[in-house]
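Worksheet: the structure to be examined is printed underneath.
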Amino acid sequence: MNKIILNIKNLRKVFIHNNRKVEVLKNLNFSLKKGELIALTGPSGSGKSTLLHLISLMEKPTSGKIFFSDKNLNELNDKEVENIRKFKISLIFQNNNLISDLNVIENVMLPLLIRKESYKQSFEKSKKILSQVNLSNRLDFFPSDLSGGEQQRVAIARSLIAETDIILADEPTGNLDFKTSKEIFDYFIKLKKMKKTILFATHNRELANKADYKLSIINGNIKRVNGKK
Ligand SMILES: Nc1ncnc2c1ncn2[C@@H]1O[C@H](COP(=O)(O)OP(=O)(O)O)[C@@H](O)[C@H]1O
Ligand SMILES: [Mg+2]
């Protein structure tokens, strides 16, 4: 039985821009189950990043509710928010947000060190995941010495290593070549097998079609489009 892990009710987000209201998300209702791999699609500016920011608690909804395993995410105290971010929900950003003073492996180890896993174990885990994104020969490079695609792969490795229950990704393969994109996607499939839930925004039609199904944002509403099954 597939269990619902995220439940979204009447979610609405309005931005005020130059004194004008921009209603980006009108009234979203959907749920995600454990072990689902879902593509989030929609034209540029349709609200994909906004939705991912709301789920990852980076922004607050104008109205509506987000439940994570029956917990209302809008009613958490600071400690609970911190806990959700460390262990439950992670976001791979569109721009990679690496720390420039840390080298590749240090950047990847960070989420584990923050939650107090041992240095040795964090190092070994990071090495392994970096080999899966083909960066074994870049462990001691600094972000500024990497190509854009390499930086993005480090960022992906850093988010994946936390192995949170829900992994959100904002166009994670946007600036990667097809072969690397496919490798990242294969890694998502591995996470799915581990019963993780992955929601990834993408413009890549081929990858979107390989998801379990697509959620498409059009005119502030969300529509489920059935995928491969
Ligand atoms: N902080 C903000 N203030 C005002 N408008 C915003 C803000 N963030 C996003 N928007 C607007 O919301 C709409 C959706 O943006 P976004 O979620 O980034 O779309 P997508 O990721 O699908 O390209 C855009 O029209 C954008 O201009
Ligand atoms: Mg976006």
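The values are calculated or read from the model by the stated rules, or taken from the named source; none is laboratory data. Quick caveat: nothing in here was measured; it's all calculated off a predicted structure. Neighbour counts run over all protein chains shown; Cβ positions are idealised from the backbone, glycine included.
Quick check: anything in segment 17-26 away from ligand 2 (no atom under 16 Å from the Cβ), surrounded by fewer than 13 Cβ atoms within 10 Å (Cβ to Cβ) and polar (S, T, N, Q)? Yes: one or more hits. The strands (runs of 3 or more DSSP E) located wholly in segment 185-229 that include 1 or more residues which are surrounded by fewer than 19 Cβ atoms within 10 Å (Cβ to Cβ) occupy 213-218, 221-226. Every condition in (1) touching a strand residue (DSSP E or B) at 6+ places or on another chain (Cβ under 8 Å); (2) surrounded by fewer than 21 Cβ atoms within 10 Å (Cβ to Cβ); (3) of a type outside the set (Val, Ile, Thr); (4) part of a helix (DSSP H, G or I) is met by Ala155 except one, and the failing one is (2). The set of residues from segment 40-73 being within 19 Å of Lys3 (Cα to Cα) and within 13 Å of ligand 1 (Cβ to nearest atom) comprises just one member, Ile55.
Would you point out the residue of segment 162-182, among those that are among the hydrophobic types (A, V, I, L, M, F, W, C), touching a helix residue (DSSP H, G or I) at 6+ places or on another chain (Cβ under 8 Å) and modelled with pLDDT under 90, that is farthest from Leu37 (Cα to Cα)?
Ranking the candidates gives Leu176 first.
Evaluated against (1) in contact with a Gly (Cβ under 9 Å, 6 or more places away or on another chain); (2) assigned to a helix (DSSP H, G or I); (3) without any contact (Cβ under 8 Å) to a residue 40 or more places away in the chain; (4) not hydrophobic (A, V, I, L, M, F, W, C), Asn175 falls short on exactly one condition, (2).
Counting the residues of segment 109-147 that are touching a residue at least 40 places away in the same chain (Cβ under 8 Å) and more than 25 Å from Asn83 (Cβ to Cβ) gives 7. Quick check, is Lys13 touching a helix residue (DSSP H, G or I) at 6+ places or on another chain (Cβ under 6 Å) and either farther than 30 Å from Ser181 by Cα or part of a helix (DSSP H, G or I) (or both)? In short, yes.
Filtered by the rule that a residue be within 23 Å of Arg115 (Cβ to Cβ), under 17 Å from the mean Cα position of the chain (by Cα) and away from ligand 2 (no atom under 16 Å from the Cβ), segment 36-88 gives Leu57, Ile66, Phe68, Leu73, Val81, Glu82, Asn83, Ile84, Arg85, Lys86, Phe87, Lys88.
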